[in-house]
Structure formats: C-alpha cells, structure tokens
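S.K.: My questions all concern the structure below.
The values are calculated or read from the model by the stated rules, or taken from the named source; none is laboratory data. Quick caveat, the model's predicted, so the values are computed rather than measured. Note that we place each Cβ from the backbone using ideal geometry, even for glycine, and neighbour counts take in every protein chain shown. To get the accessible areas, we keep the full protein, side chains included, count just its heavy atoms, and leave off ligands, DNA and RNA. Shrake-Rupley method; radii C 1.70, N 1.55, O 1.52, S 1.80 Å.
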Amino acid sequence: MYTFENKKMKVGVEISMYPLHKDFEKDILEFIQNLKRLGLKPQTNGMSTQVFGEIDEVFLNLNKAMKAAFSTENQIVFNLKVLNNPLPSDFSL
C-alpha cells in the first residue's frame, strides 16, 4: 500500500470510453454499472466518468471493469486521466 505522510494515497481518475460501433451506449452503461458493482462510486457527465478513492482499490477495480469491457467482441478505446490528491467534493471557487 502506498502512503504519503501516513495517509493512503488518494486518486481521481477521469475515464472516457469510446466503443467503436453503432450501439455504443449499451457498452458505456454496462461499464458504469460494473464500476458500481465493484464498489466504486462513478460520477458521470456528457463526456466522461470519474472515480475517486485509494489508488490500489481504484486501479484494481478499474482493471476488472476494463477487462470485462474488452471481453466483448467490439473494439473499445479508453482514455484515462489520473490526478493525485483530488480536490474534495465540496470544493468550489
């Protein structure tokens, strides 16, 4: 387990998923449901999905969800952005 000053390392991951076929919505919704089943709390908008948490837990479960998505016969592209020490959910300018 990675630590920073005796705290678990937190990350935020922004995920964009691009299934390369016409019925893409089904794959995206299934991916988001898999994230939820694995214990993550995805936050979605029109362009991406974000998940937050301890780095090992996030990447372990993200790995499982991506493998499930890749197990279909469709080609899928994932674009991930990773942020260490994400801002708290109540942050505002």
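S.K.: What angle, in degrees between 0 and 90 and rounded to the nearest 10, separates the Cα long axis of helix 55-70 from the longest principal axis of the Cα atoms of the chain?
M.R.: Roughly 0 degrees, rounded to the nearest 10.
S.K.: Take every Cα pair under 8 Å in the range 10-93 that's 6+ residues apart, average their separations, divide by the length, and report that relative contact order as a whole percent.
M.R.: On the way: 111 pairs, mean separation 40.9, N = 84.
In percent, rounded to a whole number, it is 49.
S.K.: For Met9, enumerate residues with amide H under 5 Å from its amide H, sequence gap 5+ or separate chain, H modeled in the peptide plane.
M.R.: Tyr2, Phe4, Ile55
S.K.: For the chain, which whole-number percentage of the solvent-accessible area (1.4 Å probe, protein heavy atoms only) is attributable to carbon and sulfur atoms?
M.R.: Values: 3740 of 6870 Å².
The C+S portion of the solvent-accessible surface of the chain is 54 percent.
S.K.: Hey, can you rank 71-82, 31-42 by average C-beta count inside 10 Å, highest first? Intermediate values should be presented prior to the final figure.
M.R.: On the way: 71-82: 11.5, 31-42: 16.1.
Going by the mean number of other Cβ atoms within 10 Å, highest first, we get 31-42, 71-82.
S.K.: Continuing with this model, one more query. Determine the gain in length on full extension of the stretch Met9-Ser48; use 0.36 nm per residue of separation and subtract their C-alpha separation, reporting nm with one decimal. Provide the component values of the computation, followed by the final result.
M.R.: Details: separation 39, 0.36 × 39 = 14.04 nm, distance 2.27 nm.
Answer, rounded to one decimal: 11.8 nm.
S.K.: Which angle between 0 and 90 degrees, to the nearest 10, do you get for helix 24-37 versus the longest principal axis of the chain when only C-alpha atoms count?
M.R.: Taking Cα atoms only, the helix is inclined about 40 degrees.
S.K.: According to the Cα gyration tensor, what semi-axes, each the square root of 5 times an eigenvalue, does the equivalent ellipsoid of the chain have, listed from largest to smallest in whole Å?
M.R.: Working: eigenvalues 133, 45, 21 Å².
Over the Cα atoms of the chain, the ellipsoid semi-axes are 26, 15, 10 Å.
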